[in-house]
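**Student:** Have a look at the structure that comes next, please.
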Amino acid sequence: MSESPATTLSRRLLLRLAGIGSLGAAAFAASRAGGAAPGYGEHKGGPHADGKADRHAGHLAGAVGRVTSLDPDPSVYLRSFNFSHLPAAERARFYRETPIADGKLLREYEIYAVDREIEIAPGVFFPAWTYNGQVPGPTLRATEGDRVRVRFLNQGSHPHTIHFHGWHPPAMDGSMPEHQVEPGGEFVYEFDAEPFGLHLYHCHAVPLKRHIHKGLYGVFIVDPPGGRPPADELVMMMNAFDTNFDADNEVYAVNTVAHHHLHAPVDVKVGELVRIYVVNVTEFDLVNSFHLHGMFFDVFRTGTRLETSENTDTLMLCQGERAILETRFRYPGRFMFHAHQSEFAELGWMGFFAAREA
Ligand SMILES: [Cu+2]
């Protein structure tokens, strides 16, 4: 959290190179982008008669330009559960469900680790380690009491594991030296899904902070036996990237791509129940937070109770903590959401909801 002058310099340097942030980067980026309007909002800067960019343009926060590739697309990840974004035939390769006793399901997954470069901000490519080629990994979802069987194949260049949060015996923990799956190897994790709640999974090979922050993490949702009330459901992983490997993050986001939801607001309907599964996996910073403008939400910490414990507009989460948020949009229009750590917001962790009349 505290920054040495050298750290600050490297962050600011990267800001300029990436065209992110509010500190004078706008003029640089506008010239690079052929004068396209930087960032977002109604207040657009433009060239003055003397040819210099309007200094007000520098007041805008947000990534300038767009990433060249959205694969995977954070807007798709947002509402994808158990590979639901894939065509049926392709999905069946990675996810199958089979009825077993007492109305429960056997849920079988194929998860593979693979090295892959991903674009996390315009022009900023990160050499990620991924589950199934995506960061975060696919969202896995079961109902309490279901049997979960995950075939894990390590096609990456380093030893990896999958460590699930939830009840399971030690042999399924994916955390000990003997649990490491060597490149080319595989392992089958199997356990009953419990307790109901919002959990996560991540690699637990050493050094742990490197394996997690490189991208090996995903969301694991366990629904209560009776389910939750119908809602528009969204998954948001608060993550960040140390692009110069100095154990400090340069780019922040929900779902990997800096400021993605400034350009592609999250569509929601006025009056409809919206449920957000928020997980913090941010490495190197002690806390992260979720702040929503113009409204409040109910909080279900770890999702392990059906009664809310809190109603707020700002939620703080340590690494590994998570919470289910529920709210209804009262008014149509744009609502900003972001980390309440201003620096994180300016470095990518900021977006919009766009609420429309149903
Ligand atoms: Cu790993």
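The values are calculated or read from the model by the stated rules, or taken from the named source; none is laboratory data. It should be emphasised that the depicted structure is a prediction, and the values quoted were computed from it without experimental measurement. Positions of Cβ are generated from backbone atoms using ideal geometry, with glycine treated the same way; all protein chains shown enter the neighbour counts. Side chains included, ligands, DNA and RNA excluded: accessible areas come from the protein's heavy atoms. Shrake-Rupley method; radii C 1.70, N 1.55, O 1.52, S 1.80 Å.
**Student:** Please work out which one of (1) within 14 Å of ARG107 (Cβ to Cβ); (2) within 11 Å of the ligand (Cβ to nearest atom); (3) of a type outside the set (D, E, K, R) is the condition HIS202 fails and give its number.
**Tutor:** Exception for HIS202: condition (1).
**Student:** Right, here's the next one. Name every residue in segment 93-106 that is in contact (Cβ under 8 Å) with a residue 24 or more places away in the chain and either buried (at least 17 other Cβ atoms within 10 Å of the Cβ) or not in a strand (DSSP E or B) (or both), in order of residue number.
**Tutor:** Of everything in segment 93-106, those that are in contact (Cβ under 8 Å) with a residue 24 or more places away in the chain and either buried (at least 17 other Cβ atoms within 10 Å of the Cβ) or not in a strand (DSSP E or B) (or both) turn out to be PHE94, ILE100, ASP102, LYS104, LEU105.
A quick yes/no check of all residues on (1) at pLDDT 55 or above; (2) open to solvent by 60 Å² or more (accessible area, probe 1.4 Å); (3) not in a loop (DSSP other than H, G, I, E, B):
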site	(1), (2), (3)
SER31	no, yes, yes
GLY65	yes, no, no
SER69	yes, no, no
ARG91	yes, yes, yes
GLU108	yes, no, yes
TRP129	yes, no, yes
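**Student:** What do you reckon, is PRO177 within 14 Å of the ligand (Cβ to nearest atom), over 23 Å from PRO224 (Cα atoms) and either open to solvent by less than 30 Å² (accessible area, probe 1.4 Å) or out of contact with any Asp or Glu (no Cβ under 6 Å at 6 or more places or on another chain) (or both)?
**Tutor:** Against the criterion (within 14 Å of the ligand (Cβ to nearest atom), over 23 Å from PRO224 (Cα atoms) and either open to solvent by less than 30 Å² (accessible area, probe 1.4 Å) or out of contact with any Asp or Glu (no Cβ under 6 Å at 6 or more places or on another chain) (or both)), PRO177 qualifies.
**Student:** Which pairs do you get when a residue that is in a strand (DSSP E or B), found in segment 197-225, comes within reach of a residue that is within 16 Å of the ligand (Cβ to nearest atom) and of a type in the set (Val, Ile, Thr), reach meaning Cβ atoms under 6 angstrom, with the pair 6+ apart or on two chains?
**Tutor:** Hits for this filter: TYR201/ILE162; HIS202/ILE212; TYR217/VAL281.
**Student:** Of all residues in segment 241-269 being touching a Ser or Thr at 6+ places or on another chain (Cβ under 8 Å) and among the charged types (D, E, K, R), which is nearest to PHE126 (Cα to Cα)?
**Tutor:** GLU250
**Student:** Would you check which residues across segment 110-127 are more than 22 Å from HIS158 (Cβ to Cβ) and open to solvent by 30 Å² or more (accessible area, probe 1.4 Å) and list them?
**Tutor:** GLY123
**Student:** Right, here's the next one. For segment 156-174, give me the residue count where each residue is more than 12 Å from the ligand (Cβ to nearest atom) and out of contact with any Leu (no Cβ under 7 Å at 6 or more places or on another chain).
**Tutor:** 9
**Student:** Continuing with this model, one more query. Scan (1) within 25 Å of the chain's Cα centre (by Cα); (2) open to solvent by 40 Å² or more (accessible area, probe 1.4 Å) for the single condition TYR189 breaks and write down its number.
**Tutor:** (2)
**Student:** Can you tell me how many residues within segment 306-319 are more than 25 Å from PHE284 (Cα to Cα) and either touching a Cys at 6+ places or on another chain (Cβ under 7 Å) or surrounded by fewer than 14 Cβ atoms within 10 Å (Cβ to Cβ) (or both)?
**Tutor:** Of the residues in segment 306-319, the ones more than 25 Å from PHE284 (Cα to Cα) are 306-312.
Cutting the leftovers down to either touching a Cys at 6+ places or on another chain (Cβ under 7 Å) or surrounded by fewer than 14 Cβ atoms within 10 Å (Cβ to Cβ) (or both) gives us 306-307, 309-311.
So the count comes out to 5.
**Student:** Considering GLY58, GLY35, which residue is at pLDDT below 95 and part of a loop (DSSP other than H, G, I, E, B)?
**Tutor:** GLY35
**Student:** So in segment 213-223, with the set limited to residues that are within 12 Å of the ligand (Cβ to nearest atom) and open to solvent by less than 10 Å² (accessible area, probe 1.4 Å), which one is modelled with the lowest pLDDT?
**Tutor:** HIS213
**Student:** Starting from residues that are in a strand (DSSP E or B) and open to solvent by 10 Å² or more (accessible area, probe 1.4 Å), keep the ones in segment 226-244 and report whichever is nearest to the ligand (Cβ to nearest atom).
**Tutor:** Taking the candidates together, the pick is GLU233.
**Student:** Any idea which of (1) surrounded by fewer than 19 Cβ atoms within 10 Å (Cβ to Cβ); (2) within 17 Å of the chain's Cα centre (by Cα) is the one VAL254 doesn't satisfy?
**Tutor:** (1)
**Student:** So, restricting to strands (runs of 3 or more DSSP E) that lie completely within segment 251-303, which ones have at least 2 residues that are more than 19 Å from GLN341 (Cβ to Cβ)?
**Tutor:** Numbers: elements: 251-254, 266-269, 273-280, 287-292, 297-301.
Of the strands (runs of 3 or more DSSP E) lying wholly inside segment 251-303, those with at least 2 residues that are more than 19 Å from GLN341 (Cβ to Cβ) span 266-269, 273-280, 297-301.
**Student:** Surrounded by 19 or more Cβ atoms within 10 Å (Cβ to Cβ), of a type in the set (Val, Ile, Thr) and in contact with a strand residue (DSSP E or B) (Cβ under 8 Å, 6 or more places away or on another chain), is that true of VAL281?
**Tutor:** yes
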